[in-house]
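What follows is a single structure, written as structure tokens, with notes after it.
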Amino acid sequence: MKRAFRWIWNQGILSTFLTGLFAILPLLLTIVILAWVASYLQAVFGPSGLIGKPLQEVGFQLVSDEATAWIVGMVIVLVGIWVLGVVMKSVLRSRAEQAFNAVIDRIPIFSSIYRTSAQLVGMLRQKDQPELAGMSVVFCSFGQQHGSGLLCLQVSPEVYRFGEREYCVVYIPTSPIPMTGGLVFVPRESIRPVAMSVDQVMRIYLSMGILAPQVMPEEHHPAKPVLEPDATASTDPAGNGP
């Protein structure tokens, strides 16, 4: 077995395979990410999903076939969203928003979730929002001295006090889907600012760290060791010393 592996290695078969693998790896990662998103959408909007099932029930009012009923339900919802967009772009926008918000405010738990979601959607629609401008890239160290650390996104410069310590809200992305991370309150003294953009951090997590050498600033790359002259080396060609 060892002889066969050595022969394959010496013939360059394995290195050629690895070259082809790394050439197609970006495409594979893209397919994996899109497949994950598609499976999530299928679980929510599919015929048996959380939203897809009620849509199918709506379609059953017009047709009897399950697949056709789901399609009809989706078409009805899409048309309804388009009509809502027409209303929101018209002069009735303010009145429609006031009437809708008045209804939402009557539902205690649902209203608090809706208000937060509406604020987040508003931030995404307007790129110049101060909330997005305040988000910055930071390096957070965890544990004792010389412990592990993570590249994170500090949500805002706001500081919160718990007990005797001050904390900041930090979002920790995950790989290869940075959007499935979590929020953590990190001690203020454990946060170090990093001269990077949010897009650069996302590229590192999407690539599972492969693009880190290209994205990370030069100041964070390890310094190359300086080769010192050998003390035992002789400058005399004859080897008799200086």
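In segment 30-52, how many are more than 16 Å from the chain's Cα centre (by Cα), hydroxyl-bearing (Ser, Thr, Tyr) and in a helix (DSSP H, G or I)? Within segment 30-52, residues that are more than 16 Å from the chain's Cα centre (by Cα), hydroxyl-bearing (Ser, Thr, Tyr) and in a helix (DSSP H, G or I) number 1.
Output the residue which, of all residues in segment 190-212 that are among the β-branched types (Val, Ile, Thr) and assigned to a helix (DSSP H, G or I), is modelled with the lowest pLDDT. Before you say what the answer is, go through the steps one by one.
Of the residues in segment 190-212, the ones among the β-branched types (Val, Ile, Thr) are 191, 194, 198, 201, 204, 210.
Filter once more, keeping what is assigned to a helix (DSSP H, G or I): 198, 201, 204.
Values: Val198: 82, Val201: 85, Ile204: 85.
Filtering first and then ranking leaves Val198.
The values are calculated or read from the model by the stated rules, or taken from the named source; none is laboratory data. In this text, all values refer to a predicted model and were calculated from it rather than measured experimentally.
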